[in-house]
Amino acid sequence: MIDHLPTTVIRHATHADRAAIHALFAALHAFNATLDSRFALGDDWQRVLDDHLGQMWSHAHGAALLSDDGVAVTGLLIVGGHRDSPLFRHRQWAEILALYVVPEARGRGIADRLVAAAIAWAQERHYERVQLYVTAANHAARQCYRRMGFQPVQEIWRRELAAASGPAPADPWCDAAHAAGHDLLAIHTHLASPDE
């Protein structure tokens with residue numbers, strides 16, 4: 001157990017929590033897809049998420065944290081260690097990959113407590129920073145993160161192209177990295193819903 005109040009406990013998820021993790025992750029991305037349809041989950045998302053969780057639990061390079069009020073699991077945060085290319089001097093950090101609190105549990109500070117537990121996890125492992133991604137349209141989440149001390153340091157800009165007539169070229173290097181368990185949650189988990 002990491003932290004508790006009389007009614008809600010923040011705890012590490014275990015293999016027994018997979019169904020709850022799946023439900024919260026699906027709800028997170030259903031919300032994210034309303035902000036940007038590009039964040040809709042793929043057909044095989046549950047297997048990919050399970051692969052990521054298995055790698056995380058086997059190698060202790062991340063944590064799935066849950067808020068549990070004794071009746072139901074009400075929130076999810078996934079945090080992981082990130083290592084960038086050796087091209088960069090400052091290439092290691094902890095990254096919040098997913099954060100979601102069910103609507104009926106918002107306004108109780110659960111997101112704050114989940115993020116505090118993720119920061120503690122990162123500090124215990126000597127990471128010098130915690131990063132996350134949030135979509136520009138998610139104003140409530142951006143406000144919540146700013147209140148927690150996060151600041152924007154980079155933007156992702158996009159230009160949509162005309163529909164392609166065929167599939168995108170294969171990327172064997174990227175496919176090999178995913179097969180090896182690296183960055184299984186990259187891109188699609190970097191948004192968080194607000195804890196209003």
| note | Counting only residues that are farther than 24 Å from THR135 by Cβ, surrounded by 14 or more Cβ atoms within 10 Å (Cβ to Cβ) and among the β-branched types (Val, Ile, Thr), the stretch 2-45 contains a total of 4
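Mind checking which residues of the stretch 131-162 are hydrophobic (A, V, I, L, M, F, W, C) and under 23 Å from HIS29 (Cβ atoms)?
Within the stretch 131-162, the first condition is being hydrophobic (A, V, I, L, M, F, W, C), and the residues that meet it are 132, 134, 136-137, 140-141, 144, 148, 150, 153, 156-157, 161-162.
If the condition is that a residue be hydrophobic (A, V, I, L, M, F, W, C) and under 23 Å from HIS29 (Cβ atoms), then LEU132, VAL134, ALA136, ALA137, ALA140, ALA141, CYS144, MET148, PHE150, ILE156, TRP157 are the ones that fit.
Please determine whether any residue of the stretch 113-120 is over 14 Å from GLY75 (Cβ atoms) and either without any contact (Cβ under 8 Å) to a residue 40 or more places away in the chain or in contact with an Asp or Glu (Cβ under 9 Å, 6 or more places away or on another chain) (or both). Reasoning before the result, please.
Step one: list which residues in the stretch 113-120 are over 14 Å from GLY75 (Cβ atoms), which gives 119-120.
Then keep just the ones that are either without any contact (Cβ under 8 Å) to a residue 40 or more places away in the chain or in contact with an Asp or Glu (Cβ under 9 Å, 6 or more places away or on another chain) (or both); that gives 119-120.
The answer is yes, given that some residue of the stretch 113-120 is over 14 Å from GLY75 (Cβ atoms) and either without any contact (Cβ under 8 Å) to a residue 40 or more places away in the chain or in contact with an Asp or Glu (Cβ under 9 Å, 6 or more places away or on another chain) (or both).
State whether the residues of the stretch 88-102 include one that is within 18 Å of the chain's Cα centre (by Cα), exposed (fewer than 14 other Cβ atoms within 10 Å of the Cβ), hydrophobic (A, V, I, L, M, F, W, C) and not in a helix (DSSP H, G or I). Reasoning before the result, please.
If we filter the stretch 88-102 for residues that are within 18 Å of the chain's Cα centre (by Cα), which is where we start, we get 92-102.
Add one more test, that the residue is exposed (fewer than 14 other Cβ atoms within 10 Å of the Cβ), and what stays is none.
No: zero hits.
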| remark: Checking VAL48, VAL71 in turn, the sole residue that is part of a loop (DSSP other than H, G, I, E, B) and either of a type outside the set (D, E, K, R) or surrounded by 19 or more Cβ atoms within 10 Å (Cβ to Cβ) (or both) turns out to be VAL71
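Whether any residue in the stretch 57-64 is assigned to a strand (DSSP E or B) and either among the acidic types (Asp, Glu) or surrounded by fewer than 16 Cβ atoms within 10 Å (Cβ to Cβ) (or both) is what I want to check.
Filtering the stretch 57-64 for residues assigned to a strand (DSSP E or B) gives 62-64.
Okay, now just the ones that are also either among the acidic types (Asp, Glu) or surrounded by fewer than 16 Cβ atoms within 10 Å (Cβ to Cβ) (or both), so none.
Scanning the stretch 57-64 turns up no residue that is assigned to a strand (DSSP E or B) and either among the acidic types (Asp, Glu) or surrounded by fewer than 16 Cβ atoms within 10 Å (Cβ to Cβ) (or both).
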| request: Would you point out which residue out of ALA180, ALA170 is out of contact with any strand residue (DSSP E or B) (no Cβ under 6 Å at 6 or more places or on another chain) and either of a type in the set (D, E, K, R) or at pLDDT below 70 (or both)? | output: ALA180
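If you take the residues in the stretch 108-137 that are of a type in the set (Val, Ile, Thr) and assigned to a helix (DSSP H, G or I), which one is surrounded by the most Cβ atoms within 10 Å (Cβ to Cβ)? Walk me through it before giving the result.
First pass over the stretch 108-137, keeping only residues of a type in the set (Val, Ile, Thr): 110, 115, 119, 130, 134-135.
Imposing the further condition that a residue be assigned to a helix (DSSP H, G or I) reduces the set to 110, 115, 119.
Working: ILE110: 22, VAL115: 24, ILE119: 18.
Residue satisfying both the conditions and the ranking: VAL115.
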| task | Test VAL79 against the stated conditions and say whether it is within 24 Å of SER37 (Cα to Cα), in a loop (DSSP other than H, G, I, E, B) and under 15 Å from the mean Cα position of the chain (by Cα). | result | no
| Name the pairs whose Cβ atoms lie under 8 Å apart, with the first residue in the stretch 141-153 and charged (D, E, K, R), the second surrounded by 11 or more Cβ atoms within 10 Å (Cβ to Cβ) and at pLDDT 95 or above, and 6 or more positions between them or separate chains? | none
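The values are calculated or read from the model by the stated rules, or taken from the named source; none is laboratory data. None of the values given here were measured: they were computed from a predicted structure. Neighbour counts are summed over all protein chains in view; Cβ atoms, including those assigned to glycine, are modelled from backbone coordinates with ideal geometry.
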